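Each value in this text was obtained by applying a stated rule to the coordinates, not by laboratory testing. This is a predicted model, so every value here is computed, not measured. Don't worry about glycine lacking a Cβ; one is built from the backbone with ideal geometry, like all the others, and counts go over all protein chains shown.
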Amino acid sequence: MDDEYEWSDARCPKCQHSPTHMRTCTSLGCDDGCFDEYEDDPINALPGEFSICAECGGTGIEHWCPKCGHDMNTTANA
Ligand SMILES: [Zn+2]
Ligand SMILES: [Zn+2]
């Protein structure tokens, strides 16, 4: 496991905790926020078919609140 993360000055919209944590998405197969469907399933998917990563919301970065666990990617502004 890679537990390294960086601090973000962004404040949690839920509990107002700051700083929050962020790190490069560790989801298996996530490439800058997208999954290459064709690479996973060349029979059913078309070349160039991508799906958005649920972990990082397509940003390629996981950003969460260490206090309440809020996923900062779900609300850009609150
Ligand atoms: Zn991801
Ligand atoms: Zn929070």
**Message:** Cβ neighbours within 10 Å, averaged per peptide: list 40-49, 55-64, 11-20 in order, most packed at the top.
**Reply:** 55-64, 11-20, 40-49
**Item:** Total charge dipole magnitude, the stretch 6-64, about the Cα centre, Cβ charges on Lys, Arg, Asp, Glu only, Debye to nearest 20
**Value:** 560 debye
**Fill in**
Out of Cys56, His70, Met22 - ranked by how far each Cα lies towards the positive end of the dipole of the chain, with unit charges on the beta-carbon of charged residues - the top one is His70
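Give the dimensionless ratio obtained when the Cα radius of gyration of the chain is divided by 2.2 N^0.38 Å.
Values: Rg = 14.6 Å, N = 78, 2.2 N^0.38 = 11.5 Å.
Rounded to two decimals, the normalised Rg is 1.27.
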**5 angstrom amide H check on Asp31, placed H, neighbours 5+ away** = Asp36
**Asked** Which loop GluC sites (Glu not before Pro) in the stretch 1-44, with loop taken from DSSP, have no more than 14 other Cβ atoms within 10 angstrom of their Cβ?
**Response** Glu4
